[in-house]
Structure formats: structure tokens, C-alpha cells
1. Looking at G26, G13, G4 in this structure, which one is out of contact with any Phe, Trp or Tyr (no Cβ under 9 Å at 6 or more places or on another chain), at positive phi and in contact (Cβ under 8 Å) with a residue 12 or more places away in the chain?
2. Examine region 103-121 for a residue that is in contact with an Asp or Glu (Cβ under 9 Å, 6 or more places away or on another chain) and modelled with pLDDT of 90 or more, and state whether such a residue exists.
3. Considering region 1-52 alone, what residues qualify as being under 17 Å from E90 (Cβ atoms) and among the charged types (D, E, K, R)?
Amino acid sequence: MLSGDILFIDSIGRPDLAGMAEDWVGDLRETLYKRYRELSEELIVLPAHFMIIDELNDDGSVAEKLGTLIEKNHGLNIEDESEFRKMVTENLPPQPNAYQEIRQTNMGKINPDIDQQREMEIGPNRCAVR
């Protein structure tokens, strides 16, 4: 499963990048706690990023079984919905450095050259809440 920026090995996605954290945190919980739990625990999750080197497998890949993430990822183990909302909305890291340029690129409004694209991808993973 390509989880993109919703589920990582040791963290979960952030719902605020469009300025809608309060509105979208419920959707995030619905996806993580209901939709994903309906899937096979044997499914291999392939996130878009990693936050710390410990999330890499011995072969350098970033992948884990969904069942293992359900068991070990703190963001998937907060029983109380209001506690989940608080954890997510109060632990948001700064937005990525090139966030606006990345959004415009993704929407097809700008077309940066390869060097500019590489520059946008460099830097820490700021797409997660941990």
C-alpha cells in the first residue's frame, strides 16, 4: 500500500498543510483507525518519507507490514478521539521549507527544472506528526 503522507513507519500524517487541521483531523482518524484496520495486516505499507534513520530496514527500504504498524506506531494507538485530536493538532511541526512551491508544482501551476525539484525534496520530513 502506497500510504503517501498519511501513514509513516513511526508517525502519522499531518492534516494542517492546507490550513484545515481542525476540520481534517477527523478524516485522518477515520482513515487510520477505521479504513486501514479493515485491510489485511499482511499488507506492506510503503510511505512517501521517513523521519529518522531508524525507520529504514536493513536493505535501506522504508516498508513495514500494516499489522506491525498497528501494533507499534503510537499514532495508531490512541483510544480516545479527543486525545488523538489534541495530540495531532498540538504537535504540528513547522511547514516544509518549500511547501508553497511544492503545492504549485503538484497543481501544475509551475514547472521547476530538475535542480529546483531536487532542492524542494531536500530537507527533513515535515509531513508527519509524532
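The values are calculated or read from the model by the stated rules, or taken from the named source; none is laboratory data. What you are looking at is a predicted structure, and each value in this text was computed from that prediction instead of being measured. With ideal geometry, Cβ positions are generated from the backbone for all residues, glycine too; neighbour counts draw on all protein chains shown.
1. On the way: G26 fails: at positive phi; G13 fails: at positive phi.
Result: G4 is the single residue among G26, G13, G4 that is out of contact with any Phe, Trp or Tyr (no Cβ under 9 Å at 6 or more places or on another chain), at positive phi and in contact (Cβ under 8 Å) with a residue 12 or more places away in the chain.
2. Yes, there is a match, as at least one residue in region 103-121 is in contact with an Asp or Glu (Cβ under 9 Å, 6 or more places away or on another chain) and modelled with pLDDT of 90 or more.
3. Start the filter on region 1-52 by keeping residues that are under 17 Å from E90 (Cβ atoms), which leaves 11-17, 19-26, 28-29.
Hits for region 1-52 are R14, D16, E22, D23, R29.
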